[in-house]
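Data first, discussion second: the structure below is written as structure tokens.
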Amino acid sequence: VQPIPNVDFANKTEFACCGTQMFRNDMQACCGSTVVNRTLALTQSCCGGDLFDPSLKLCCNNRVQPKNSSSSDPLKCCGSSSNSFNPKSQKCCADNVVSIAGGENNYNNLCCGSDSFDITKSTCCGKAGIVAKGKKCPSI
């Protein structure tokens, strides 16, 4: 919902509509059709029905998540899930966060369904899953 500006020139305050409610742009925001009080500056954005600071957090499928890991690595959203992951040590496979097979920064790592595998050691057999390199894929 985009706010429709309405200025109170006497107080230099800008008002807007959120659904059927009027709100102050400098103190509140419209998330969906709900008026939410701002706790920080105007830099806050909506994530679902909550406000968040995009310089500090991520919005993953309408859920606020940390933007950095405990080791200060930048995180990313995992597909259409509401989970975040650290690309240095994790992979997003079919909306599922999994540890990188073979350890951190293993660039030989791919997804096989919702799992990850090291292509130098294993092969993806589609619905049959992952098998050791050189083994035949089982028939399903």
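How charged is the neighbourhood of ARG38? Take every other residue with its Cβ under 14 Å from the Cβ of ARG38, and add Lys/Arg as +1 and Asp/Glu as -1. Don't jump to the answer; show the numbers that get you there.
Values: positive: ARG24; negative: GLU14, ASP26, ASP50, ASP53.
Around ARG38, the charge tally is -3.
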Could you tell me what percent of the accessible area of region 72-136 is made up of carbon and sulfur, with a 1.4 Å probe and every protein chain present? 48 percent
Can you tell which of SER81, SER116, SER33 shows the greatest fluctuation in a Gaussian network model of the chain with Cα springs below 10 Å? SER33
Enumerate cysteines in the chain without a disulfide-compatible partner, where compatibility requires another Cys Cβ under 4.7 angstrom. CYS17
Eight or more residues apart or on different chains, and alpha-carbon atoms under 22 Å: count the Lys pairs in the chain matching that. 18
For region 53-128, build the convex hull from the C-alpha positions and give me its volume per residue in Å³. 75 Å³
What is the spin-label model distance, in nm, from ASN68 to ASP50 if the labels are put 7 Å beyond Cα along the C-beta direction? 2.0 nm
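The values are calculated or read from the model by the stated rules, or taken from the named source; none is laboratory data. The structure displayed is predicted, hence computed values, not measured ones. Please note: Cβ atoms are built from the backbone with ideal geometry, for glycine as well, and neighbour counts cover all protein chains shown. Heads up: the accessible areas ignore ligands, DNA and RNA and are worked out on the full protein's heavy atoms, side chains in. Shrake-Rupley method; radii C 1.70, N 1.55, O 1.52, S 1.80 Å.
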